Every structure is written in structure tokens, then in C-alpha cells.
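The values are calculated or read from the model by the stated rules, or taken from the named source; none is laboratory data. Just so we're clear, the structure is a prediction, and the values are computed from it rather than from any experiment. All Cβ positions, even for glycine, are placed from backbone atoms using ideal geometry, and neighbour counts span all protein chains on display.
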Amino acid sequence: MHTLKVAQPRAELRQFIRAFAQRDNGPLDPLFVQPTPAQLEQLMTFELGSPIEIRYPDGRIQVCDGVTVCGGQSRFVAHMHLPARMRSFGVFFQPTGLTQLFGIPIVALTDRAEDGVGVMGNSIRGLWNRLGECYSFAQRVRVAETFFLRRGAQAHTQNTIAAAASFLFRIHGAIRISYLAQQVSSGMRQFERDFKREMGLSPKTFSRIARFQAALDAKVAQPARTWLDIAHTFGYHDQMHMIHDFETLGRDNPTSLLQTLGDARPPAYKPETGEIVC
């Protein structure tokens, strides 16, 4: 039976980590296929059962059978193929959280999925081994928290661009980029160049994805809300404007994307408060 478990990190880690999640497929479960629309969170997954596959539109297949680290995605990237006997433990980071904890440039992972051990070294292999020895999701969360708390004690301070990106993410892109550039004492063109160099995408695209995610998560959290209400809440000109963004960033209209997405965004945040709904 396909199951999902979600937990918030302890308070000290929330500046770096949005959520922990675990997905399980039983031995008789069918293959699950899920799209990967644009998103800003950085993600680390630990495969503890059957390997999963990332299948790209150009025919490439990436097998994930250990630790995989993914950066933010500026567009629809691929489909995830989740087989029977799969157990995947995931850490959903804030958009700059992985970089603060490990010092890896954000741009190095944008639109990429890489082998976690190759990127971060044997400490991640050791964490993967410890997670595999756990008997429950709750125990895995405690083991992961202990590991990331040690990293957090030596975390890198956000620079101006990372702080601006975190702010954009928190407010779901609801600010004029020119005004934000003024607040960081930078000219518009210089701010755009600096942001693109560090984040791997322009501030306008980052804001657009932040709003897209917030709209999607609002519907996941409250299915009875109408798409029209959500469009108005998050500052779309009208519902067609929102539909265009969904088709660009998720390759589908809002209703169809929500149906095919399944639990690919398991935290199901309420965008207004940041609260996780399990």
C-alpha cells in the first residue's frame, strides 16, 4: 500500500529545512508515475528500497539508488517512476538551505539532480546507512535532525542575494523586482545579473515560481477553495493568467496537474502561514 508520512523539523532547523517526508510502496503496489513541475526547494532523497527512476523528455533515464540531491527547478523537468518495494526518505530544504549547510553554490544544482555522495562526500553516505538501520519514520527524522543540527552550528551566513531570494520565497514573489533591487542598494540590471549568477535563474522567474508553488500548495491544503479565489489571493491578473503559468511551469492546467502530481509535494504547506498540513 502506498503511504506518505510528513514531519516538520524542530524549530532550530526551520531556517534551513521545510519538511521531512517518507514515501513507501508495498510489494504489490503498481508503478507510480509523477511529474516534477518547477519548484524552488532544494531536495535530498535517500532511497532505502527499490531504486527509482527520473525519466527526462529527451529519453534519458537517471537511476536513483542511494542519495540524490536536487536543486531548484526553473521549469518542468521530468517524470519520477516509483516502483513497488520503494522506500524514499526526503529532506525538503528552504531554497538556500542546502547551500547554507554545505556551502554548495546554489547555481551548481539549479535544474540538476546529482549523486549526493559525489557532491557532499562520505558524511552523507554515513547518514544514508544510519537511516537504513532505523525502524520507523520518527526514528529517521531524529537521526536526520541530529545530523543537520551539527551542520547548522557551522552554517554559512546568507549573502545579500540569498537573503533577497529567501524573502521573495516567503512572500510568494509579491513584490516588484525594481523595488527589491532598491532595498538591497543595487541597480536593477546589476541586481538581475547578480541574482542570475548566484541562483541560476532571474529574479522574475524565481518570483513567478514562488507564486506558482503557493497557488498549488493552497489548493492541496484546502481542496474546496476555487481556483478563481486562489488566483485572486496570489495576485494573478485573472484565472487565465494563472492557467498560463501552470501550463508553462507544470506543463498542465491546474486541475489536471493537481491530479497527476499525487504526493510529489508532500509537505502541503498553507502558503499564508507556512504551516504544514499532514
Scope the range 46-103; condition within 26 Å of residue 146 (Cα to Cα) and in contact with a Ser or Thr (Cβ under 6 Å, 6 or more places away or on another chain); matching residues: 47, 68, 71, 72, 86, 88, 90, 96
Step by step: first the residues of the range 174-215, then only those that are assigned to a helix (DSSP H, G or I) and among the hydroxyl-bearing types (Ser, Thr, Tyr), then the one that is surrounded by the most Cβ atoms within 10 Å (Cβ to Cβ). Which residue is that? 207
From the list 125, 150, 197, which one is charged (D, E, K, R) and more than 20 Å from residue 90 (Cα to Cα)? 197
Of the conditions (1) among the hydrophobic types (A, V, I, L, M, F, W, C); (2) without any contact (Cβ under 8 Å) to a residue 12 or more places away in the chain; (3) in a loop (DSSP other than H, G, I, E, B), residue 240 satisfies every one except a single condition; which number is it? (3)
Identify all residues within the range 147-165 that are in contact with a helix residue (DSSP H, G or I) (Cβ under 9 Å, 6 or more places away or on another chain) and either among the β-branched types (Val, Ile, Thr) or assigned to a helix (DSSP H, G or I) (or both); write none if there are none. 147, 148, 149, 151, 152, 157, 160, 161, 162, 164, 165
Residues in the range 101-120: is at least one farther than 30 Å from residue 232 by Cα, touching a strand residue (DSSP E or B) at 6+ places or on another chain (Cβ under 8 Å), in contact (Cβ under 8 Å) with a residue 40 or more places away in the chain and of a type in the set (Asp, Glu)? yes
Please state which one of 104, 124 is assigned to a helix (DSSP H, G or I) and within 19 Å of residue 42 (Cβ to Cβ). 124
Identify, from the list 207, 256, the residue that is modelled with pLDDT of 95 or more and either outside the structural domain of residue 41 (by TED's automatic domain parsing) or more than 24 Å from residue 165 (Cα to Cα) (or both). 207
Please tell me if residue 99 is buried (at least 17 other Cβ atoms within 10 Å of the Cβ), assigned to a loop (DSSP other than H, G, I, E, B) and assigned by TED's automatic domain parsing to the domain that holds residue 147. no
